[in-house]
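The block underneath contains the structure these notes are about, expressed in structure tokens.
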Amino acid sequence: MNAVTNGHGGNASARVSFSRLVAYSTLQLPLAMAALPVVLNVSHFYGGVLKLSLEIMGPIFIIARIVDAIQDPVIGLLSDRFTRRGNRGRLLFVGLMTPILAAGFYMIFDPPDAWFGNQTLMAVWLMAALLLVHLGYSGVSISYHAHGAELTDDYNERTKVTVGREVFGMLGFAVAVVLPTILTSRQLFGDIQGYAVLGLLFLPIIIAFSAPTLFFAGPSVHPPVVHKGNPLLAFFAPLKNRLFRRLLLVFVVNGAALGVAVTVMLFYVEHVLAGTKTQAGLILLVYFFAGAASVPMWLLLSRKLGKAAAWFVGMVLTVVAMAAALMVGPGDFPLFLAISVVTGIGLGADYGLPPSILADVINSEEGGDTQGKTGTYFGLWALSTKLATAIGAALSLPVVAWLGFNPEKNQYSTSALIIVYIGLPVAIKIIAALLIWFVRIEASRGAVREAFGR
């Protein structure tokens, strides 16, 4: 492959070496480890253990996500401004935001003991902790992912970067599954103390895995980003790119399905499968390990079919597997574990392919004067990610309570959990698959139906 000098001290089309790929990817492990418990365990910890009302928690999640969404474009713009400090400027911003993420994660799992049982005080604490952890997470992830999109300008190398990063992400998800399960067991710390220890252990983990990224990830191959005109308009300038708008639509719809399922997953295992906390942890562990193991497969398939077409295959696979879960009932743990392997493989496509498509879209002709403004694009991308999970939380918790599952009122309808955990995600996934089938989202390729037509 010929190297193309970009005028910023790097080669735009240079291959990313394995050592640099690993160094860049390590930070995704603590990011994933932070993300999953905030979505999965917080609802169970505050709702099931601390008995905070689900009707209160739903609006708290929505408000926190709205604030988070508003700050994301601002953080993206700040990340772009840090590129003027050199070709590692985005990593400098990552280093500044990492302590905020660590502090917020610990705070969310260590509420004051004196406040237990007080609905108002616990709601205030949860809101403050969510705002802090979201600020830290957005600050780290937006600039980190933007830097990854600028490590190379090659179509397939970009996919390799996102694949390497998401392998560490899947491992981070696995750690986020195993640690809470072990720490909160009755044989060790129990729920309340176990979650506090989880928050404490996160500190050395994020230090150890952020260091390789901050010091050895390699420079950006892009020149410094310069925004002209009104900064407020600069936040939303990427929306002029029609491919980006389409990609966002597919991504938000598809992500909402996962947001719905993850929010009520622990309740589903306990009350529908009649499973234990250990079994729930094993299901999640298998799910994320299958996702991590499948990522190279999606890389190969994307080289054959294109990234959007490979993503579509992942969506269809997930829909079929989730629909099969309708046959699962109490005691069917082995069958559900097998289903989790298949849905985990589909998860690999959801995490490995969209960011690579985004990196291509950023530098496409459709971007016009927004080409290269990676931080701003990833700010809106992060906003859409939060929007998807907010939609999932908004749909799942109030709806499942309305349908008859509400631990605060001693209501435990299994039908409500089946509808919310399986029915809603399947319907949402089908909509996302139809969108990506008919709508072109890749810069250099047609719609998915055209790819399969050929």
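The values are calculated or read from the model by the stated rules, or taken from the named source; none is laboratory data. None of the values given here were measured: they were computed from a predicted structure. A quick note on method: Cβ atoms are made from the backbone with ideal geometry, for glycine too, and the neighbour counts reach across all protein chains shown. Ligands, DNA and RNA are excluded from the accessible area calculation, which covers all protein heavy atoms including side chains. Shrake-Rupley method; radii C 1.70, N 1.55, O 1.52, S 1.80 Å.
Of these, P330, P296, which one is open to solvent by 10 Å² or more (accessible area, probe 1.4 Å) and part of a loop (DSSP other than H, G, I, E, B)?
After applying the criteria, what remains is P330.
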(Q) Condition first: of a type in the set (A, V, I, L, M) and either open to solvent by 20 Å² or more (accessible area, probe 1.4 Å) or without any contact (Cβ under 8 Å) to a residue 12 or more places away in the chain (or both). Now tell me which residues in segment 70-96 satisfy that. (A) I70, V74, L78, L92, L96
Q. Which one of these is within 20 Å of A292 (Cα to Cα), hydrophobic (A, V, I, L, M, F, W, C) and in contact (Cβ under 8 Å) with a residue 12 or more places away in the chain: V133, V163?
A. V163
**Q.** Spans of helices (runs of 4 or more DSSP H) in segment 150-267 with at least 3 residues modelled with pLDDT of 80 or more
**A.** 155-183, 191-216
**Q.** Residue list for segment 125-177, restricted to those being open to solvent by 20 Å² or more (accessible area, probe 1.4 Å) and under 22 Å from P99 (Cα atoms)
**A.** W125, M127, A128, L131, L132, L135, Y137, H145, F168, L171, V175
Q. Which number in (1) assigned to a helix (DSSP H, G or I); (2) open to solvent by less than 10 Å² (accessible area, probe 1.4 Å) marks the one condition that A103 misses?
A. (2)
Q. Of everything in segment 376-391 that's modelled with pLDDT under 75 and open to solvent by less than 40 Å² (accessible area, probe 1.4 Å), which residue is farthest from the chain's Cα centre (by Cα)?
A. A390
Q) Of the residues that make up segment 396-418, is at least one under 28 Å from G306 (Cβ atoms), touching a Leu at 6+ places or on another chain (Cβ under 9 Å) and open to solvent by less than 10 Å² (accessible area, probe 1.4 Å)? A) no
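Within segment 351-375, track down each residue that is in contact (Cβ under 8 Å) with a residue 40 or more places away in the chain and not in a helix (DSSP H, G or I).
Listed by number, the residues that qualify are L353, N363, S364, G372, K373.
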